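J.: Starting off with a structure, shown below.
The values are calculated or read from the model by the stated rules, or taken from the named source; none is laboratory data. No experiment lies behind these values; they were computed from the predicted model shown. Quick reminder, even Gly has a Cβ in these numbers, built from the backbone with ideal geometry, and neighbours come from all protein chains shown. Protein only, heavy atoms only, side chains kept; ligands, DNA and RNA dropped before computing areas. Shrake-Rupley method; radii C 1.70, N 1.55, O 1.52, S 1.80 Å.
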Amino acid sequence: RVVPVFFFFFFQAEDGIRDAQESRGLGDVYKRQALTRAQEADPSLARHTMEVVTSDQAHAIITKACMVLGLHCRTVPTSIEHHFAMQPADLEQALQESAAQGFTAVAVVATTGTTSSCAFDPVDQISAVCQVQPQPLWLHIDAAYGGAYACLPEMTSSFIGCEKADSFCVNCHKKLLCPFDLAVLYVRDRAPILSALSLQPEYLRNAQSESGAVVDFEHWQMPLGRRFRALKLWFVMRRFGAEGIREHIRRGMELAGTVEELVRNDGRFEMAVPRSLSLVCFCLKSRDDALLQELLARIKRTGECFVIHTKLADRLVIRFACGGIETNEQEVRDAWAVIAAEADAMGLS
């Protein structure tokens, strides 16, 4: 039962905990509940021996959630050979190492669209690894950015296996046109969540709840109340419709294709990894990180183009994301012109 508590902290850390007045104390509450529930199932299980396993490309919020809960977080190394996607064999090895070192794995986090490069972990194969463990592991899918692309029929193959996950999270403020902040969490079975978080003090009892006529979301989260975030998504769906949202997402992917073409046509640059979704990661062919860092700083100083960096296999790369609702091809080409002009000014060849 530690697992649902962990994922609700993970979920709310992105969506709600930042604006909760009582956030200072939430971490201790989660840790206490996690420890209590887990020890009910196994009295010998201590919090510091519980472990969450994820990729070294997973979002830092997973590590932070483990820090707050007092859990150990184990990262599975990825490689450029597999485009930085977590491999089932490497996950198996990590789980074996975990057990050998005295830890008890309680969950695995796979990602569909990693932050650095939009890599897709093979969820179907990872699910199989989770299921063959002596105690099947909870599988969470972090689809914060990539999950929006699941609405495209042509992307179905990238999400094979997600139906086997225990939980799936997508941030609607990243690609689904919602104002910040709105994250949606789906769970296969709500019973573990309710078991871990439900309390029913006398002053909250009422006939409607007792009869089951209403769903008390207070039992799904830490606070009793919550802002009506879902209304934002409802308005977006009413305004754009399913096809309008798909059109917006496809447009970003098409623009990313234009960026890739510009990168490949400029002899100074190369693709760091294959284009994924609406993201292009590129770097200098010279592999000179210092020069690339200088170029990035110059680009930002122009005030005409904003791109950020990441590191893949210890190599600095620039991320060019195409996602704005009003972004068009000419603007993408203008942004590349800024990048090329600053490279010219540096004398890069």
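J.: For the structure I just gave you, tell me whether Leu295 is assigned to a helix (DSSP H, G or I) and of a type outside the set (D, E, K, R).
T.: yes
Residues are listed down the side, and each one gets a yes or a no for (1) at pLDDT 85 or above; (2) under 18 Å from the mean Cα position of the chain (by Cα); (3) basic (Lys, Arg):
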position: Pro134; (1), (2), (3): yes, no, no
position: His173; (1), (2), (3): yes, yes, no
position: Leu176; (1), (2), (3): yes, yes, no
position: Trp220; (1), (2), (3): no, no, no
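J.: Among the residues of the stretch 256-263, are any open to solvent by 80 Å² or more (accessible area, probe 1.4 Å) and out of contact with any Leu (no Cβ under 7 Å at 6 or more places or on another chain)?
T.: Within the stretch 256-263, one or more residues are open to solvent by 80 Å² or more (accessible area, probe 1.4 Å) and out of contact with any Leu (no Cβ under 7 Å at 6 or more places or on another chain).
J.: Next up: Can you go through Val259, Val236, Val280, Val263 and tell me which one is within 19 Å of Gly323 (Cα to Cα) and in contact with an Asp or Glu (Cβ under 6 Å, 6 or more places away or on another chain)?
T.: Val280
J.: Additional query: Out of all the residues in the stretch 177-187, is one or more of a type outside the set (Val, Ile, Thr), surrounded by fewer than 19 Cβ atoms within 10 Å (Cβ to Cβ) and either assigned to a helix (DSSP H, G or I) or in contact with a Pro (Cβ under 7 Å, 6 or more places away or on another chain) (or both)?
T.: Here is the first cut: in the stretch 177-187, the ones of a type outside the set (Val, Ile, Thr) are 177-183, 185-186.
Restricting the remaining residues to those that are surrounded by fewer than 19 Cβ atoms within 10 Å (Cβ to Cβ) gives 179-181, 186.
Those still in the list that are either assigned to a helix (DSSP H, G or I) or in contact with a Pro (Cβ under 7 Å, 6 or more places away or on another chain) (or both) too: none.
Looking for residues that are of a type outside the set (Val, Ile, Thr), surrounded by fewer than 19 Cβ atoms within 10 Å (Cβ to Cβ) and either assigned to a helix (DSSP H, G or I) or in contact with a Pro (Cβ under 7 Å, 6 or more places away or on another chain) (or both), one finds none in the stretch 177-187, hence no.
J.: For the stretch 160-187, give me the residue count where each residue is on the phi > 0 side of the Ramachandran plot and touching a residue at least 40 places away in the same chain (Cβ under 8 Å).
T.: Matching residues across the stretch 160-187 total 1.
J.: Restricting the stretch 335-349 to residues that are open to solvent by less than 80 Å² (accessible area, probe 1.4 Å) and without any contact (Cβ under 8 Å) to a residue 24 or more places away in the chain, which is farthest from Glu260 (Cα to Cα)? Write out each step before concluding.
T.: In the first step, residues of the stretch 335-349 are kept if they are open to solvent by less than 80 Å² (accessible area, probe 1.4 Å); the result is 335-343, 345-348.
From what's left, without any contact (Cβ under 8 Å) to a residue 24 or more places away in the chain: 337, 341, 347.
Details: Ala337: 14, Ala341: 17, Gly347: 22 Å.
Filtering the stretch 335-349 for residues that are open to solvent by less than 80 Å² (accessible area, probe 1.4 Å) and without any contact (Cβ under 8 Å) to a residue 24 or more places away in the chain, the one farthest from Glu260 (Cα to Cα) comes out as Gly347.
J.: Can you run down the residue pairs with Cβ atoms below 6 Å, 6 or more apart or on separate chains, where the first is in the stretch 114-127 and on the phi < 0 side of the Ramachandran plot and the partner is modelled with pLDDT under 95 and buried (at least 24 other Cβ atoms within 10 Å of the Cβ)?
T.: Ser127/Leu139
J.: I need the full set of residues from the stretch 75-92 which are among the hydroxyl-bearing types (Ser, Thr, Tyr) and in contact (Cβ under 8 Å) with a residue 60 or more places away in the chain, in order please.
T.: Ser79
J.: Please identify the pairs in which a residue from the stretch 243-261 that is touching a residue at least 12 places away in the same chain (Cβ under 8 Å) has its Cβ atom under 7 Å from the Cβ atom of a residue that is surrounded by fewer than 18 Cβ atoms within 10 Å (Cβ to Cβ) and of a type in the set (Asp, Glu), counting only partners at least 6 apart or on another chain.
T.: So the pair list comes out as Leu255/Glu329; Thr258/Glu329.
Residue-wise test of (1) out of contact with any Phe, Trp or Tyr (no Cβ under 6 Å at 6 or more places or on another chain); (2) part of a helix (DSSP H, G or I).
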| site | (1), (2) |
| --- | --- |
| Thr63 | yes, yes |
| Met67 | yes, yes |
| Ala94 | yes, yes |
| Glu97 | yes, yes |
| Val106 | yes, no |
| Ser116 | yes, no |
| Ser158 | no, yes |
